1. Under 9 Å between Cβ atoms, which residue pairs at least 6 apart in sequence (or on different chains) link something in the range 100-122 that is more than 16 Å from Lys62 (Cβ to Cβ) with a partner that is modelled with pLDDT of 90 or more and surrounded by 13 or more Cβ atoms within 10 Å (Cβ to Cβ)?
2. Quick check on the range 14-48: of everything there that is within 15 Å of the chain's Cα centre (by Cα) and open to solvent by less than 100 Å² (accessible area, probe 1.4 Å), which residue is modelled with the lowest pLDDT?
3. Among the candidates Phe100, Phe63, Phe57, which residue alone is modelled with pLDDT under 95 and surrounded by 14 or more Cβ atoms within 10 Å (Cβ to Cβ)?
4. Inspect the range 4-11 for any residue being in contact with an Asp or Glu (Cβ under 8 Å, 6 or more places away or on another chain), farther than 19 Å from Gln122 by Cα and modelled with pLDDT under 85 and give the result as yes or no.
5. Those residues that are surrounded by fewer than 10 Cβ atoms within 10 Å (Cβ to Cβ) and under 18 Å from Ala55 (Cα atoms), I need them from the range 117-133; list them, please.
6. Let me confirm something: among Ala88, Ala114, which residue is modelled with pLDDT under 90, closer than 30 Å to Arg41 by Cα and surrounded by 11 or more Cβ atoms within 10 Å (Cβ to Cβ)?
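The values are calculated or read from the model by the stated rules, or taken from the named source; none is laboratory data. The structure displayed is predicted, hence computed values, not measured ones. Cβ placement follows ideal geometry from the backbone for every residue including glycine, while neighbour counts extend to all protein chains displayed. Side chains included, ligands, DNA and RNA excluded: accessible areas come from the protein's heavy atoms. Shrake-Rupley method; radii C 1.70, N 1.55, O 1.52, S 1.80 Å.
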Amino acid sequence: MSGDGKGQSPGNGEISPEDREAIRKRSEELGHKLDALKTQRAQAERPVNQGSQSADFGAAFKFAAELVVGVVVGGGLGWALDRQFGTAPWLMIVLVILGFAAGLLNVVRAAQEAQAKNEPLQRAAPSVKDDDE
């Protein structure tokens, strides 16, 4: 480290006190920088992690509600039409099946939209170490 070469033979493994002090100062500076970065990262990640659970519950409730509403609306409309035309229970059965299909289609579309919105976050996340390694 020292460029003057006084009293040191190459390869004897000794470090001058000046070089030792310079290394200590650099390592302290690096430690402070790392601590600051860790603090910034923790503060940046904290709000995201706290809000994600309520957002996940909201999305799950939305998916379930869309499916149930499709079935209920189809059943209600089928029941009303069966009473009107006297075709009980055939229109209700057909419209419940169509309502289920429509609700399922809405759930798939909403899930694809949520996945597309979260894909950049998933790609930016660090990979998880495999248990086999």
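1. The qualifying pairs are Phe100/Leu67; Phe100/Gly70; Phe100/Val71; Phe100/Gly74; Ala101/Gly70; Ala101/Gly74.
2. Going through the range 14-48, the residues within 15 Å of the chain's Cα centre (by Cα) turn out to be 44-48.
Checking which are open to solvent by less than 100 Å² (accessible area, probe 1.4 Å) leaves us with 44-45, 47-48.
Details: Ala44: 72, Glu45: 68, Pro47: 53, Val48: 50.
Among those residues, the one meeting the criterion is Val48.
3. Every option except Phe63 fails the conditions.
4. So the first thing to find is which residues in the range 4-11 are in contact with an Asp or Glu (Cβ under 8 Å, 6 or more places away or on another chain), and the list is 8.
Still in the list and also farther than 19 Å from Gln122 by Cα: 8.
Narrowing the set further to residues that are modelled with pLDDT under 85 leaves 8.
Yes, the range 4-11 contains a residue that is in contact with an Asp or Glu (Cβ under 8 Å, 6 or more places away or on another chain), farther than 19 Å from Gln122 by Cα and modelled with pLDDT under 85.
5. Selection gives Lys117, Pro120, Gln122.
6. Values: Ala88 fails: closer than 30 Å to Arg41 by Cα.
Within the list Ala88, Ala114, the selection yields Ala114.
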